[in-house]
Every structure is written in C-alpha cells, then in structure tokens.
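The values are calculated or read from the model by the stated rules, or taken from the named source; none is laboratory data. Source: prediction; values computed, not measured. Heads up: the accessible areas ignore ligands, DNA and RNA and are worked out on the full protein's heavy atoms, side chains in. Shrake-Rupley method; radii C 1.70, N 1.55, O 1.52, S 1.80 Å.
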Amino acid sequence: MKNSSLRLLFLLVILVPFMTLSCGLVTAPKVGLNIIVTANQQTAGSTTFRIGVENTGSKTETLGFRSGQFFDIEVRDRGGHLVWQYSYDAYFATLVWNLELAPGESQTQEYVWTHMGNDQKPLPSGSYKATVYITNTPRDKGLSKVVSLTI
C-alpha cells in the first residue's frame, strides 16, 4: 500500500507540471485560418472589437478549446504596460469544445470595451496597442493580431 501511494505521488509530481506546460503550447499557424479583428471607436468612451476566425483554405479546419472563452484582448500603453485585459478577473466555464470551419466559413464575436483599465478607472487619452488572440488549445500563433488604438 505504501509503495503504491508513493508511486502515485511521484507520478503526480512529475506529470502535472508537464500537463500544465502543454496548456500554454503555441503551434505553427494552420494553413488557411486567419484571424479577423476590427476595432471601431463608437463613442468617445468605448471601442467595439469584432473578433473571429475565417477559413480561406481548401479543407475543413478544427480548433479545440478548453473553456467557454473564444478570444482575449490585452491593451498596453505606450510604455508596454498592460492596462486592461478582457479576461482579467473574469470566469469562463470549463468546457471542452471544437470549432469546425469549412472552407469559406467564419465565426465572429463582438465585445464593447468602455476604456476602463483593470483597476476600473478610465484610461487617459492617448495611443495604445491591443493584442487580440483566439484562445484555442494549443494556441495557434497565426491567430493573433496587434491593432493600434487612440482613445
């Protein structure tokens, strides 16, 4: 009994870190899959992001996800400091699902950001960079895009 408990503990100590590392794995882009990102300032106090994936290839492509989160957005100031992140302090359902896109198909979502920082204070006017990426697992490095924002 003691030996089997020690073996189990050993396996957990060794395997869990490797399994955790694979969650953040970034792979080469899939041919034909492209990220769609537009950021339109609708009013003085908000920007509407339209985020998605399109399949411009000739075969069906599948992306796997491990939560209800489809995308993330990171906004940084001119100094490169993270001032706001869509997923900051957010909770997403644990959900394993696949997005299958046939040639010519796309999937998009919209999000309205109110120019508040992670501290819930309005950001000062100025130039910012937003990195938008699809949160599939393993991450596809081709499914991210940086856009310039002026607020």
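List of remarks:
- Hz values of 3J(HN,Hα) by residue in the stretch 72-83 - Karplus curve (6.51, -1.76, 1.60), Gly and Pro given as x: 9, 9, 10, 10, 10, 7, 4, x, x, 7, 5, 10
- Overall dimensions of the stretch 90-130 as given by Cα atoms, namely Rg and Dmax in Å: 16.4, 43
- Shown for the stretch 67-151: the carbon plus sulfur share of the solvent-accessible area, taken with all protein chains present and a 1.4 angstrom probe, equals 47%.
- Working note: Karplus 6.51/-1.76/1.60 with θ = phi - 60° gives the stretch 91-104 the couplings 10, 10, 4, 6, 8, 8, 8, 10, 10, 9, 10, 6, x, x Hz, where Gly and Pro are set to x.
- The stretch 26-105: translational diffusion in µm²/s, Stokes-Einstein, Kirkwood Rh over Cα pairs, 4 °C, 1.567 mPa s: 86
- Note that the stretch 29-102 presents 56 Å² accessible area per residue, ligands and nucleic acids not counted, probe 1.4 Å.
- For the stretch 62-151, average projected area of the Cα convex hull in nm²: 6.7
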